[in-house]
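The values are calculated or read from the model by the stated rules, or taken from the named source; none is laboratory data. Predicted model, so just to flag it, every value in this text is computed and none were measured. Glycine gets a Cβ as well: all are built from the backbone with ideal geometry, and neighbour counts include every protein chain shown.
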Amino acid sequence: MYVPVSVMGPPDSGKSTFIQSLRCSSQTSPGGSLHSRNKKIEWHCIDSDRLLDHPNGRLVVAEIPSFDDTLEGDKETLRQIAAWLAHCYGMGVKFGGAIYLHDISLPRLTSSVRRNLDLFRSICGRVGLSAVVLSTTKWCCINNATGEQRERQLKDGLWKDIIASRSSVRQFDGTPESAWKILNFILDRVQNTYSAEALRIQKEVVDLNYRVQETDAGRLLHSMLVDIRTLYRGCIRSWKVQFQDNDLTGELEVFTEYEKCLTKDIKALELGFRGRLRLLMRNAVSVNYENGLLWLVADLRERPVRLKARCYGPFRNKGLRYFSQSLAVCVYICLLGYVI
């Protein structure tokens, strides 16, 4: 039986460097990928004398592509992650852990860094975070004093809740010895743990039969993409009004094309009325009846505001249709409460 370990992180955080450090000091099999094109999940089977003392010594290290770093879009990236993790969980393979890399040389935390971490947190879930190792990289690009200060800031700020969920923090200095210290730590923990906790997205996809857009990570990604699209649309409108220079035509075309890609991903992640109803039913029955009803009540409280905006807008028929959908949800909950 092998132990799967995923290596994740924002773009340019050092994922390929980490895996290459392992390959330089071990015999690796080519493994494979979930897609023939680049920037897809790639896994490597690692055999080394360093693993002889571990009964769980067969490692499969997977390099997970970052969000904001693929031509196919973030929706496709999330689909790949969900498919790979669900495959491991469905085969009964004990999940080794996830190594999340962060570039310590970054002078500030960009929106991409925060977005990747938020999605990573949603994929793992609070229980699954105990199998995470947070690792800082690129120490050679910064002096130790500044790096230590930034690491303390991460521990007290951005990483605080993750560390509170029993995650560990390690430093990767780019050497094979440093990479193997992190892997040996994961193997020791797997050996001493009776049963590894599954990640949230594994339980959602396999146990609850959720689609990607119905998972917590899928809903979070949908919300993020909507915000990004709003920002891009504002930039496009502003540029069209303020600038009439033909030299900016290329930039506008790039922005417009990316906005179309965002819209495509957003539509793919939208649940629709049937999807929302199915998700509400699963939360109410399969997971937790009380939490499912609380979520429904919160959703229904927001609906009158949206309904009012639609009814007084130019498309009254959509407002009426939305009202009928809300009424259907109320009837469904009454029937659900009667059945349960």
Task: Count of residues meeting criterion [in a loop (DSSP other than H, G, I, E, B) and either among the hydroxyl-bearing types (Ser, Thr, Tyr) or more than 22 Å from SER167 (Cα to Cα) (or both)] in region 73-105 - done: 4
TODO: Check LYS138 against each of (1) modelled with pLDDT under 90; (2) closer than 21 Å to SER16 by Cα; (3) of a type outside the set (S, T, N, Q) and name the one condition it does not meet.
DONE: (1)
Open item on the list: Only one of GLN213, GLN244 is modelled with pLDDT under 90, more than 22 Å from ILE46 (Cα to Cα) and assigned to a loop (DSSP other than H, G, I, E, B). Can you tell me which?
Closed with: GLN244
Task: Qualifying positions in region 53-79 - among the acidic types (Asp, Glu) and either within 13 Å of the chain's Cα centre (by Cα) or modelled with pLDDT of 60 or more (or both) - done: GLU63, ASP68, ASP69, GLU72, ASP74, GLU76
Task: Selection within region 148-182 - farther than 28 Å from HIS87 by Cα and either touching a Cys at 6+ places or on another chain (Cβ under 8 Å) or in a loop (DSSP other than H, G, I, E, B) (or both) - done: GLY157, LEU158, TRP159, PHE172, ASP173, GLY174, THR175, PRO176
Open item on the list: Could you check region 183-209 and list, in sequence order, the residues that are surrounded by 21 or more Cβ atoms within 10 Å (Cβ to Cβ) and either at pLDDT 90 or above or not in a loop (DSSP other than H, G, I, E, B) (or both)?
Closed with: LEU183, ILE186, LEU187, LEU199, ARG200, ILE201, GLN202, GLU204, VAL205
TODO: Tell me, yes or no, whether region 250-267 has at least one residue that is under 22 Å from ILE81 (Cβ atoms), small (Gly, Ala, Ser) and either at pLDDT below 75 or assigned to a helix (DSSP H, G or I) (or both).
DONE: no
Open item on the list: Take the conditions at pLDDT below 90, in contact with a strand residue (DSSP E or B) (Cβ under 7 Å, 6 or more places away or on another chain) and part of a helix (DSSP H, G or I) and apply them to ARG50. Does it pass?
Closed with: no
- [ ] Kindly check whether there is at least one residue in region 131-144 that is within 17 Å of ILE99 (Cβ to Cβ), among the small types (Gly, Ala, Ser) and within 19 Å of the chain's Cα centre (by Cα).
- [x] yes
